[in-house]
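The values are calculated or read from the model by the stated rules, or taken from the named source; none is laboratory data. Keep in mind that what you see is a predicted model, and the values were worked out from it rather than measured. Glycine also receives a Cβ, built like all others from the backbone with ideal geometry; neighbour counts cover every protein chain displayed.
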Amino acid sequence: MRATHRPHDQHSWQARKHCHECVPTRAAPAEVELDAVLAGPTITPVHRSVLSRAADIAEAGGWAPRAVGALLAALHQVLAGQQDGKLIRLSAVRPALPDAATLKLAVAVIEEHEVLDDDTVQSIRAWIDRKYAELPGGFREEIRAWLLELHAGGARARPRSRSTIYAYFGRVQPHLVTWSRSYQHLRQVTEQDVVDVLDSQRGHHRAGTFTSLRSLFGFAHRHRMVFTNPTRRLHVGQAPKRSIMPMTDEEIAAVKRAAVTVVQRLVVALVAVYAIRAATIRHLVLDDIDLGRRRIRIGGAVQPMPELVHQLLREWLAQRHQLWPHTPNRHLLLTRASAAGTAPVSDYYLSWHLAMQDVPLEHLRADRVLHEAVAVDADPMHLAEAFGLSAQTAIDYSEIARNLLIRPVEDQAPGVGD
């Protein structure tokens, strides 16, 4: 039997009192008794289904009755303003549900019923429009079309992530401004102009600029915006390998100071012990964890579970159950938003909790592989099998380890690609 959600008499969150000196604010919608609303004679089938589904997901996610009541009240207000048979505008949903987790659940439920009209301008599209206005006049249309294809994809191109779009544009924008002082159109840029740009740069900066310019001119040539592709015959070779060295005592101490919550310490331990990437951690599920036999399945391979990982997993699983006892989500890591569904936490979640808190997961991972390489006398086959590395990456780590075995750590070591 579904629990009803009743308003509080004196302390309900929608009952805001203002003195005569206060500036009135927009009151939140009154919490609703779900069963009474669903039985109402004027409610549409879609309205009824959306509210019922939202309540089911929120309750399964362990939301407090007060939070569920607030969600249903706001949804009820939005849905009541929609005509039967009309799509529900996203621009009307967002102001009513300012909390990110509540908004995400509501939008997911409305989308599930195929009645959502996304009438808002995506932030990436707004960014492209702003950059379009800042570009030199003769270059604007070609650059805007290129950025839009990077975002949406095309017949011969897959959609790129926002970070890729930002990086590509950031690398080419200074050179577009320079070329605009001599040229009126992108098609006037020559191969020598591109060579001059590349010759002024080194290392990863040079490789990244070449990749971005090749993408731009390749797009422009395919769509006949330029007569020739000035990057077609150019090559810059491979980017130089990044230098990887063991973490210092100071760096390890900094990680210990930064990782203070249970989930932070668990993720750090998983990376430090198993050298797994953040994406793999995000996709771990409860079925991968065997606390009784102290085993964990990573990438299909069963690994032993040391005491540190075992203890942190016990702490996190207890906290996870306390926060979301009825969640349908089987992933190991959860947030309030993901607990209402079945998807893994976002990449941004780990970035926010760790990378942005000065916990370098990739450096931790490389440090773990490097220590293993030293321990096994720089055996690349062992590294490839133990950590799922490519052959070349395993060889690179082995070369670094071999140098560390014969030279002091203070000496410069060769780099590793990934």
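Candidates in segment 183-222 are the residues that are at pLDDT below 90 and within 31 Å of the chain's Cα centre (by Cα); of these, the one that is nearest to Ala145 (Cα to Cα) is Gly208. Scanning segment 42-59 for residues that are of a type in the set (A, V, I, L, M, F, W, C) and farther than 15 Å from Thr102 by Cβ turns up Ile43, Val46. For segment 279-300, the set of residues classified as over 14 Å from Leu332 (Cα atoms) and in contact (Cβ under 8 Å) with a residue 12 or more places away in the chain consists of Arg294, Gly299, listed by residue number. Just checking, does segment 72-79 include any residue being of a type in the set (A, V, I, L, M) and either touching a Ser or Thr at 6+ places or on another chain (Cβ under 6 Å) or surrounded by fewer than 18 Cβ atoms within 10 Å (Cβ to Cβ) (or both)? No; the residues of segment 72-79 include none that is of a type in the set (A, V, I, L, M) and either touching a Ser or Thr at 6+ places or on another chain (Cβ under 6 Å) or surrounded by fewer than 18 Cβ atoms within 10 Å (Cβ to Cβ) (or both).
Of all the listed residues (Leu72, Leu38, Leu34), the sole one being modelled with pLDDT of 85 or more and either over 27 Å from the mean Cα position of the chain (by Cα) or more than 24 Å from Ala343 (Cα to Cα) (or both) is Leu72.
If I filter segment 223-239 for residues that are at pLDDT 90 or above, part of a helix (DSSP H, G or I) and over 22 Å from Ile124 (Cα atoms), do I get at least one hit? Checked against the condition, which is being at pLDDT 90 or above, part of a helix (DSSP H, G or I) and over 22 Å from Ile124 (Cα atoms), segment 223-239 yields no hits at all.
Look at Pro159 and say whether it is in a helix (DSSP H, G or I) and free of Cβ contacts under 8 Å to residues at least 24 places away in the same chain. It is false that Pro159 is in a helix (DSSP H, G or I) and free of Cβ contacts under 8 Å to residues at least 24 places away in the same chain. Taken over segment 88-112, the criterion of being surrounded by 14 or more Cβ atoms within 10 Å (Cβ to Cβ), out of contact with any helix residue (DSSP H, G or I) (no Cβ under 6 Å at 6 or more places or on another chain) and outside any helix (DSSP H, G or I) is satisfied by Arg89, Asp99.
For every residue, the table says whether it meets (1) surrounded by 16 or more Cβ atoms within 10 Å (Cβ to Cβ); (2) without any contact (Cβ under 8 Å) to a residue 12 or more places away in the chain; (3) within 30 Å of Thr335 (Cβ to Cβ); (4) assigned by TED's automatic domain parsing to the domain that holds Leu147.
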| position | (1), (2), (3), (4) |
| --- | --- |
| His204 | no, no, no, yes |
| Thr209 | yes, no, no, yes |
| Arg214 | yes, no, no, yes |
| Gly218 | yes, no, no, yes |
| His235 | no, yes, no, no |
| Arg265 | yes, no, yes, no |
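Against the conditions (1) crowded, with 19+ Cβ neighbours inside 10 Å; (2) in contact with a His (Cβ under 7 Å, 6 or more places away or on another chain); (3) of a type in the set (Lys, Arg), Arg282 satisfies every one except (2). Return yes when Leu291 is modelled with pLDDT of 90 or more, outside the structural domain of His371 (by TED's automatic domain parsing) and surrounded by 17 or more Cβ atoms within 10 Å (Cβ to Cβ) and no when it is not. So Leu291 fails the test.
Within segment 348-373, the set of residues being at pLDDT below 70, crowded, with 18+ Cβ neighbours inside 10 Å and under 16 Å from the mean Cα position of the chain (by Cα) comprises His353, Leu354. Only one of (1) buried (at least 16 other Cβ atoms within 10 Å of the Cβ); (2) free of Cβ contacts under 8 Å to residues at least 40 places away in the same chain; (3) under 30 Å from Lys86 (Cα atoms) fails for Thr120. Which number is that? Status for Thr120: all satisfied but (1). For segment 177-187, the criterion of a residue being among the hydroxyl-bearing types (Ser, Thr, Tyr), part of a helix (DSSP H, G or I), outside the structural domain of Arg402 (by TED's automatic domain parsing) and over 29 Å from Thr393 (Cα atoms) is satisfied by at least one position.
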